[in-house]
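Below is one structure, written out as structure tokens; the observations come after it.
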Amino acid sequence: SRRALVSLWFCEISSAWAPPSSLLAPLPVMSAFAAEKTSPAAAGAALLPSSRVAGAVVAATEKLGSSKRVAKRRLSGDAESIPRPLRQRKSLCVAEKPKLASVLSSMEAIVVNLERRPDRMAGCTTRLEARCPGLRFERLLATDGRQTVIGKDEVACSWHTSRNVVYQRARAIRKGWDDLDTYQERTLELTAGERGCASSHIRAWQACLERAGEAGDRPLLVLEDDAAPTAEFAATLERVWPSLPADCGVLYLGYSQAADWRREVTKDLVEAEYVWTTVAYVIWPSAARKLLSQLPVNEPVDNWMAGYCATGDIKAYCVRPKIVLQADAWNVNSDVGHSDEHYWGPDSDIRHSDELYWGTEELRARDRQPAALAGAALLGDAADDDSDSSSEE
């Protein structure tokens with residue numbers, strides 16, 4: 001009867017569908033897909049028992065595959081919104097961490113060095129090779145103010161301290177120094193070293209424009225030969241670089257802070273109002289062009305640059321804390337004599353740099369303590385330099 005035939009048919013299905021051991025093994029199934037490169041149904045047919053029922057199952061699978069594939073497991077969360085080519089089989093795509101030297105390897109640098117001081121160039125080379133992997137740098141022969149005639153249309157011969165005094169007082173207040181009465185406005189002669197230093201940086205800005213590239217926006221790293229990168233130099237620069245605002249004209253890597261920061265961009269990057277020193281900075285062609293259009297330099301060059309940052313003509317940012325120190329304390333073992341360091345006379349005990357501050361013993365001890373660690377910092381310690389605390393710089 002029909003009922004008996006149906007019962008017999010179900011029995012036949014049960015006996016035919018019992019999976020052989022080969023069907024339970026995962027490796028043959030994977031090899032069937034990989035080696036034969038056939039459809040899932042065809043691969044399954046090769047492994048199922050050769051029977052009338054198995055053939056029916058394969059045919060049904062083929063039919064399902066040709067009309068509408070069996071629904072895949074849906075991705076959860078935000079994964080469904082990701083285009084198919086960007087999905088990963090095991091996990092969503094995670095951006096690969098950039099190589100440590102990627103910023104440095106794409107940057108050009110120059111080291112300002114007097115021809116008569118190859119010893120300082122050798123020392124700087126050693127420090128850069130140890131701390132700046134992949135950085136390409138060249139020597140830029142500095143202008144020797146003692147021997148080279150520098151035109152007054154390029155660098156003035158004297159300067160007035162009025163603007164700098166404003167920021168010297170700001171620093172004194174910020175650091176708690178009791179010496180506000182010692183900052184006096186006056187006209188001073190620029191030393192031969194100061195004029196040569198300014199001329200050297202003018203040539204560095206010209207080099208920035210010459211190397212600006214086809215797009216005209218390639219920055220240049222300018223280093224003086226006493227630059228001493230810290231152990232964190234490469235990693236910090238890599239971390240800061242993507243956060244640089246589009247209006248950045250100068251990025252100071254080493255500096256001495258005068259005024260409070262204008263704003264914090266990230267924990268590693270701040271906008272500066274007025275900072276001193278030109279030991280290490282990155283300059284963009286737009287800023288170099290601006291500075292060259294404003295010649296002559298009529299102050300020590302770091303003050304002159306800081307002045308344009310203070311007025312907002314150039315946007316300046318600082319890596320915080322600084323990642324380039326000076327191999328020696330400011331105004332120590334330097335070829336550049338500073339006209340405003342001893343303007344009270346050679347026998348005066350009044351000094352206006354952090355290292356030589358003449359005030360109370362307590363404050364002098366505070367500012368001397370990091371200086372004692374500066375040498376260790378150059379050898380790999382995490383100690384900050386001789387000027388300001390790491391929270392400020």
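Observations on the model:
- Distance violations [Cα-Cα > 23 Å] among LYS267/LYS315; LYS267/LYS322; LYS152/LYS315; LYS267/LYS290; LYS152/LYS290: LYS152/LYS315; LYS267/LYS290
- Approximate spin-label separation GLU129-GLN206, in nm, with each point projected 7 Å along Cα-to-Cβ: 3.0
- Sites ARG136 and ILE173, calculated FRET efficiency, Cβ-Cβ separation with R0 35 Å, nearest 0.05: 0.25
- Stokes-Einstein translational diffusion, segment 270-309 - Kirkwood Rh over all Cα pairs, 1.002 mPa s, 20 °C, in µm²/s: 198
- When the Cα convex hull of segment 176-321 is projected onto planes of every orientation, the mean area is 10.1 nm².
- Mean Cβ neighbour count within 10 Å, used as a protection proxy, ranking 148-157, 271-280 highest first: 271-280, 148-157
- Heavy atoms of the protein chains alone define the surface here; on that basis segment 270-334 has 28 Å² accessible area per residue at 1.4 Å probe size.
- Entry for segment 179-250 at q = 0.17, 0.24 Å⁻¹: log10 I(q)/I(0) = -0.96, -1.17, Debye formula applied to identical alpha-carbon scatterers, no solvent contribution.
- Between VAL166 and LYS152, the distance separating the two model label sites (each 7 Å from Cα on the Cα→Cβ line) works out to 2.6 nm.
- Gained length - ARG186 relative to ALA215, 0.36 nm times residue gap less alpha-carbon distance: 6.0 nm
- Pairwise label distance in nanometres, LEU292 with ARG263, each label 7 Å out on the Cα-Cβ vector: 3.0
The values are calculated or read from the model by the stated rules, or taken from the named source; none is laboratory data. Since we're looking at a predicted model, the values are computed, not measured. Cβ coordinates were reconstructed from backbone atoms using ideal geometry, including for glycine residues, and neighbour counts include every protein chain displayed. Side chains included, ligands, DNA and RNA excluded: accessible areas come from the protein's heavy atoms. Shrake-Rupley method; radii C 1.70, N 1.55, O 1.52, S 1.80 Å.
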